[in-house]
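Some notes on the structure that comes next.
The values are calculated or read from the model by the stated rules, or taken from the named source; none is laboratory data. This structure is a prediction, so every number in the text was calculated from the model and none was measured. Here the Cβ positions follow ideal geometry from the backbone for every residue, glycine too, while neighbour counts run over all protein chains shown.
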Amino acid sequence: MTCFPFSFGKKVRYVEKHDPDIDEELSGIQNVRIFTYKELRAASDNFSPSNKIGQGGFGSVYKGLLKDGSVAAIKVLSAESSQGVKEFMTEINVISEIQHENLVKLYGCCVEGNQRILVYNYLENNSLAQTLLGSGHSNIFFNWKTRSKICIGIARGLAYLHEEARPHIVHRDIKASNILLDRDLTPKISDFGLAKLIPSYMTHVSTRVAGTIGYLAPEYAIRGQLTRKADIYSFGVLLVEIVTGRCHTNTRLPIGEQFLLETTWELYQQRELVGLVDVSLDGHFDAEEACRFLKVGLLCTQDTSKLRPQMSFVVKMLTGEMDIDESKITKPGMISDFMDLKIREGKGVDTDTKASSSYNASSASDSQSNTMSYAASTSTATTSTFTAKYDQTL
């Protein structure tokens, strides 16, 4: 299946001084509308605080009404944003060429002077981190049918990115705060600033480790090995979070219960997985289906990346079209096994932590879930960028 680029008509010219490097990049993009700063300022009522729907290290997100009547989420990057020019252009390049029910839709962007703004479709129900896992009050009740729909939708979106989009796309930051929900609670994968494109002719990618602690696959977090299986690990963690209504890490719990994957593995061995299902459901759920979802979560988070199923198979297992071979479930790569990874300045490791860039930057996960980009140190204590083998089967 090929991608379906979409167009918003003739580009709008801007006349203020702008970054020539960005301008050169934008000139090669055919499917993105270029907004003026003036029209976005008008759409958001001069970026009124009353229209702000999100805040993070990247800047702010405002709800706005465009001239054509469309309601938009206007993502304004601050001058000190941790999302640099490269990430800004990556997000535009990736999302402008793809369209899927379970991916956010890019309306356009604005580049004037030092202004960098992305304009997305507005999604009424914020992120999973804010609504399902957030500590704040939410008027949404996530019954089992809704959770099942969300899990399958995210899986389908990832399967599209990994297997149908050309070139293939590794998101690198799948997590609860990057899953936005529309009016019907249909999930949309967002924030493609860290995404990597994998053309079919490439056998490997060279990249710094980037993502969110708690969702990072062990082989990627420690050795910098990036394949699509890193996304699949992240999805597995998210899948377990959605079923249980719990964050991947909670340091307020007793030591033995702080890491959700560890608890899931232990209860799986005891054949008591059903006890993990969110108590807020009050027993109103399909126990067989819930346990199947948790087993898929374990399959996706196995320590050996080659054992993790590809996303199209994950979709089939979640929908019941494919049986789960439990003999293939092995111990997951535990978050606690690499939480003490050395990330110190001056020790050959370059760190860069940024807040979530979903509509609301606050996440239900504790301080362990910072998004980060770093190069791992070698035995000679020098900063290194890993070259990870990329196998089409991974």
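Structure notes:
- Cβ pairs under 7 Å, 6+ apart, first in segment 176-197 and at positive phi, second aliphatic (A, V, I, L, M) and at pLDDT 95 or above: Leu185/Ile150
- Whichever residue in segment 281-309 is more than 23 Å from Leu216 (Cα to Cα) and in contact (Cβ under 8 Å) with a residue 60 or more places away in the chain and, among such residues, is surrounded by the most Cβ atoms within 10 Å (Cβ to Cβ): Ala290
- Taking the criterion of being at positive phi and buried (at least 16 other Cβ atoms within 10 Å of the Cβ), the only residue of segment 239-280 that qualifies is Gly245.
- Out of Glu97, Glu112, sole residue that is of a type in the set (Asp, Glu) and out of contact with any Cys (no Cβ under 9 Å at 6 or more places or on another chain): Glu112
- Looking across segment 293-313, the residues that are part of a loop (DSSP other than H, G, I, E, B) and polar (S, T, N, Q) come down to Thr301, Thr304, Gln310.
- Any chance Asn121 is under 18 Å from the mean Cα position of the chain (by Cα), closer than 17 Å to Asp191 by Cβ, surrounded by fewer than 18 Cβ atoms within 10 Å (Cβ to Cβ) and modelled with pLDDT of 90 or more: yes
- For Thr146, the conditions (1) within 30 Å of Ser280 (Cα to Cα); (2) surrounded by 20 or more Cβ atoms within 10 Å (Cβ to Cβ); (3) more than 15 Å from the chain's Cα centre (by Cα) all hold with the exception of (2).
- Subset of segment 50-65 [over 15 Å from Gln115 (Cβ atoms) and modelled with pLDDT under 80]: Gln55, Gly56, Gly57
- So Met322, is it assigned to a helix (DSSP H, G or I) and under 23 Å from Thr146 (Cα atoms): no
- Selection status of Val205, of a type in the set (A, V, I, L, M, F, W, C), crowded, with 24+ Cβ neighbours inside 10 Å and at pLDDT below 95: no
- Test: Arg41 is buried (at least 17 other Cβ atoms within 10 Å of the Cβ), at pLDDT 95 or above and in the same structural domain as Gln115 (by TED's automatic domain parsing): yes
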